[in-house]
Amino acid sequence: MSHPPTSLEQALRKYLASDSFRRLFADVSAERFSRVQRYGAPVGSRIEEHETIPRCMDRLKELISGRDAVPGPLPSGTVVMARELVNGCGRFDREWHAPRGGLWLALAWADTLLPEYARLLPLAAGTACCEAVRSFGVAASLKWVNDLHLQGRKLGGILCETYFGGPARDRYHLVGIGINCNNALFPEPLRGSAVSMRQALGAPVPLDEFVVVLLGFLAWHFGLVHLQEELDLASGKGSPDPPADSLVIDAWRRVSDTRGRHVIYGYDVMRHPLYAAIAEDVDPWGGLVLRLADGTLLTEYSGEIRYQADGESGV
């Protein structure tokens, strides 16, 4: 069902069609730019704004399941955002401090990709967030898969999951994003490990402008995932063959500081670390290639890492 575009939706469409957005990708040919833009166009097709809700992810699940009795599937690219979350959480149900001043949103992306390419969406989301933050003057980096940090202090995070819902059991990839923008007061346990854009810049971030820029980068990098799939299938490649041209991974590498780092790996690394290794690289499907002390190479496609502190012994 169509709806009158909100002011934020209008601002996003205007931004995506602007010369300033095109200049961000000046090195991309006009033909490729158009293809990526077409694939990413659904991002922000519908934006639902709230002052306060428990979780943006939960609201998306309600919309997908049809609890509002709206006919048809939820449009791909629908975004739910809030000024404040009262029940925010991250990976492994870790509590997520989400007060006013931060950016809290979730995006529903219809599952039309082959599984191997869908695996690239979390990396694409992380790259988009990092590039958006950098465009505002904050020199953030990505830790595999998509933790956003500034000199070791957490600036933001991305939570991805797959969800089935509605009468037709429609399948979506849900991407939850939390970025510390103007919130500068953190609970005691987080004061040494969290940081905000405002603290880094010494000035407030225009939040409505930042949202539009972030959604623009998400549209671009999600579009890259789909273009990657198109190019690989056209060349006769695809699972289990590696991509013909690592558009998504190359973009992720440019903003990540993980390669070459001594890391601790685990499924829930804070509570259950498994082993220490050196992060060698990320493979074409987003897996982290890890070198153990004996030279053995392992590739992990799930789980998480933390950077090993100077002088810290392995697990």
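General remarks:
- Residue 145 being in contact (Cβ under 8 Å) with a residue 60 or more places away in the chain, assigned to a loop (DSSP other than H, G, I, E, B) and surrounded by 20 or more Cβ atoms within 10 Å (Cβ to Cβ): yes
- Any hit, the stretch 51-64, residues being in contact (Cβ under 8 Å) with a residue 60 or more places away in the chain, in contact with a helix residue (DSSP H, G or I) (Cβ under 6 Å, 6 or more places away or on another chain), surrounded by 15 or more Cβ atoms within 10 Å (Cβ to Cβ) and not charged (D, E, K, R): no
- Residue that is farthest from residue 74 (Cα to Cα) [pool: residues in the stretch 25-44 that are free of Cβ contacts under 8 Å to residues at least 24 places away in the same chain and surrounded by 14 or more Cβ atoms within 10 Å (Cβ to Cβ)]: 28
- Any hit, the stretch 194-216, residues being under 21 Å from residue 112 (Cα atoms) and not charged (D, E, K, R): yes
- Checked against (1) of a type in the set (Lys, Arg); (2) in contact with a Leu (Cβ under 8 Å, 6 or more places away or on another chain); (3) not in a helix (DSSP H, G or I), residue 83 passes all but a single condition, namely (2).
- When 72, 101 are screened for being at pLDDT below 95, touching a Cys at 6+ places or on another chain (Cβ under 9 Å), surrounded by fewer than 21 Cβ atoms within 10 Å (Cβ to Cβ) and part of a loop (DSSP other than H, G, I, E, B), only 101 passes.
- Selection over the stretch 118-154 of residues that are more than 13 Å from the chain's Cα centre (by Cα) and either modelled with pLDDT under 95 or within 16 Å of residue 176 (Cβ to Cβ) (or both) gives a count of 4.
- Conditions (1) of a type in the set (D, E, K, R); (2) under 16 Å from the mean Cα position of the chain (by Cα); (3) farther than 25 Å from residue 25 by Cα; (4) not in a strand (DSSP E or B): number failed by residue 161: (4)
- The residues of the stretch 171-204 that are of a type in the set (A, V, I, L, M) and crowded, with 23+ Cβ neighbours inside 10 Å, listed by number, are 175, 177, 179, 195, 197.
- In the set (1) loosely packed, with under 15 Cβ neighbours inside 10 Å; (2) of a type in the set (A, V, I, L, M); (3) part of a helix (DSSP H, G or I); (4) modelled with pLDDT of 95 or more, residue 213 fails one condition alone, (1).
- Restricting the stretch 155-169 to residues that are surrounded by fewer than 20 Cβ atoms within 10 Å (Cβ to Cβ) and at pLDDT 90 or above, the residue that is farthest from residue 56 (Cα to Cα): 164
- Residue count for the stretch 263-298, restricted to those that are surrounded by 14 or more Cβ atoms within 10 Å (Cβ to Cβ), free of Cβ contacts under 8 Å to residues at least 24 places away in the same chain and among the hydroxyl-bearing types (Ser, Thr, Tyr): 0
The values are calculated or read from the model by the stated rules, or taken from the named source; none is laboratory data. Just so it is clear, the structure is predicted and the values come from calculations on it, not from any experiment. Because the Cβ atoms are built from the backbone with ideal geometry, glycine has one as well, and the counts that use them run over all protein chains shown.
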